[in-house]
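Take a look at the structure below.
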Amino acid sequence: MSGHEMPFIQEAFEGEWVVPLGPNVTGFEEDLARFLATEKKVVALSSGTAALHLGLLGLGVKEGDEVMVQSMTFSASVNPVRYVGAIPVMVDSEPFSWNMDPELLDYAISDRIKQTGRKPKAIVVVCLYGMPVDYTQVIEVARKWDIPVLEDAAEAFGSSYDGKKCGTFGDYGVLSFNGNKMITTSGGGALVCPDENTARKTMYYATQARLGYAYYQHEEIGYNYRMSNISAGIGRGQMMVAEEYIAHHRHRQAYYREHLRNIEGIELHENPSSKYDSNFWLCTVLIDENLRVKGEENAYSAAITSTVGGAGGVTGKGVSIHTDCEPNRNVEAIRLGLAEQGIESRPLWKPMHRQPVFSCFPSYQNGVAEDLFHRGLCLPSGPYVSDKDADRVINAITSLII
Ligand SMILES: *Cc1c(COP(=O)(O)O)cnc(C)c1O
């Protein structure tokens, strides 16, 4: 917390606005629209996942429809496709932005039409770790097939592409203010809607699809997805430091890049061209399998022994179970080596087409997502990770390389 949040919360308490609507909600929505520099309408919701769900409803996605989704993402991009009973079709990434490969998307759409005789209903693209999608090409493919785009910019608050903010490119755009995101409302999200009408419809679905009678009249299924006025107060305070946080994350990535530059086999993610301006929400590195790292020979035997008795994906020790798709031994050795020095790091998102819960759905692969998962590690990158902290991380990594 920045210290700017309390006055807004205080005001909400004093005005008895302790409900999922009120001046902070409206104020936060205005702040967001101004920040995004958009004419579109922003609706504050209880989470980014709720925003994805309502975005799909807004696009008319129904049971049995197919939805093209980026495979390299967090599960929340795909779960809502199942909430509406639609079928996710996973599409792999291109190696520069790490986001949806436009050529593969184009091929996948034509193949879906060939196989099912029907056009997919929507395309869900994700700005992974804050890096914008190759919008020029993805939007071109979407236009060619006349399929709407739902843009998951949950991790890309403040990122831009060609001078325009992420979250404003798709027919609908999703933002998240979960505790771990660029700015937070403790839990929360927003849907960037194309116009006033669709925003009103979104609010209607977010408030139990209640119609405007004196009594409670419902003709459709609704949801309880509106943002609380207290959460929105936190958001308004966070907006006062948003630019500072974003600059800090960008500095963090540049600093890691500068200081890890000389290690051959460690690669920092970079903006693919001057069109891209990532917020570098998480600082990510790719670690070559051929690099020699202390403890690599033990990395997986350690992982296996410590998971004995752990039935699910993760044990009490936080070591993932040995599966057929996993980070390479160097990633695991560096992760464990850092953990030994009290530094938390994590592998990248595991691709959705390799998740047991989604592996039964169609997917179009080129190997990029699996390669990224194989080589990737997220380094400490929050707003309070100082240069001194980063030095500790850099020294720890350097000491692990043989
Ligand atoms: C965090 C996140 C979401 C979901 O946002 P919540 O506010 O946590 O529901 C969706 N997509 C991606 C890519 C995310 O990282």
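The combined condition, being surrounded by 24 or more Cβ atoms within 10 Å (Cβ to Cβ), among the acidic types (Asp, Glu) and in contact with a strand residue (DSSP E or B) (Cβ under 9 Å, 6 or more places away or on another chain), is fulfilled by Asp101.
All conditions but one from (1) open to solvent by less than 10 Å² (accessible area, probe 1.4 Å); (2) in contact with a helix residue (DSSP H, G or I) (Cβ under 7 Å, 6 or more places away or on another chain) apply to Lys119; the one that does not is (1). Scanning region 334-382 for residues that are surrounded by fewer than 19 Cβ atoms within 10 Å (Cβ to Cβ), in a loop (DSSP other than H, G, I, E, B), away from the ligand (no atom under 16 Å from the Cβ) and not hydrophobic (A, V, I, L, M, F, W, C) turns up Gln341, Gly342, Glu344, Pro356, Ser359, Pro362, Gln365, Asn366, Gly367. Mind checking which residues of region 49-61 are open to solvent by 10 Å² or more (accessible area, probe 1.4 Å) and touching a helix residue (DSSP H, G or I) at 6+ places or on another chain (Cβ under 9 Å)? Residues satisfying the conditions are Thr49, Leu57, Gly58.
One residue stands out in region 76-91 among those that are open to solvent by 10 Å² or more (accessible area, probe 1.4 Å) and part of a helix (DSSP H, G or I): the one that is nearest to the ligand (Cβ to nearest atom), namely Ala76. Only one entry of Asn79, Asn24 meets the criterion of being of a type in the set (S, T, N, Q) and in contact with a Lys or Arg (Cβ under 7 Å, 6 or more places away or on another chain), and that entry is Asn24. Within region 338-381, how many residues turn out to be touching an Asp or Glu at 6+ places or on another chain (Cβ under 8 Å) and small (Gly, Ala, Ser)? Counting residues in region 338-381 that are touching an Asp or Glu at 6+ places or on another chain (Cβ under 8 Å) and small (Gly, Ala, Ser) gives 3. Scoring Ser363 on the criteria (1) out of contact with any Ser or Thr (no Cβ under 7 Å at 6 or more places or on another chain); (2) over 29 Å from Ile397 (Cβ atoms); (3) of a type in the set (S, T, N, Q) leaves a single failure, condition (1).
The values are calculated or read from the model by the stated rules, or taken from the named source; none is laboratory data. All of these numbers come straight from a predicted model, not from anything done at the bench. Heads up, the Cβs are rebuilt from the backbone with ideal geometry, glycines too, and the neighbour counts pull from every protein chain shown. Ligands, DNA and RNA are stripped out before the accessible areas are found, and what is left, the full protein with its side chains, is counted by its heavy atoms. Shrake-Rupley method; radii C 1.70, N 1.55, O 1.52, S 1.80 Å.
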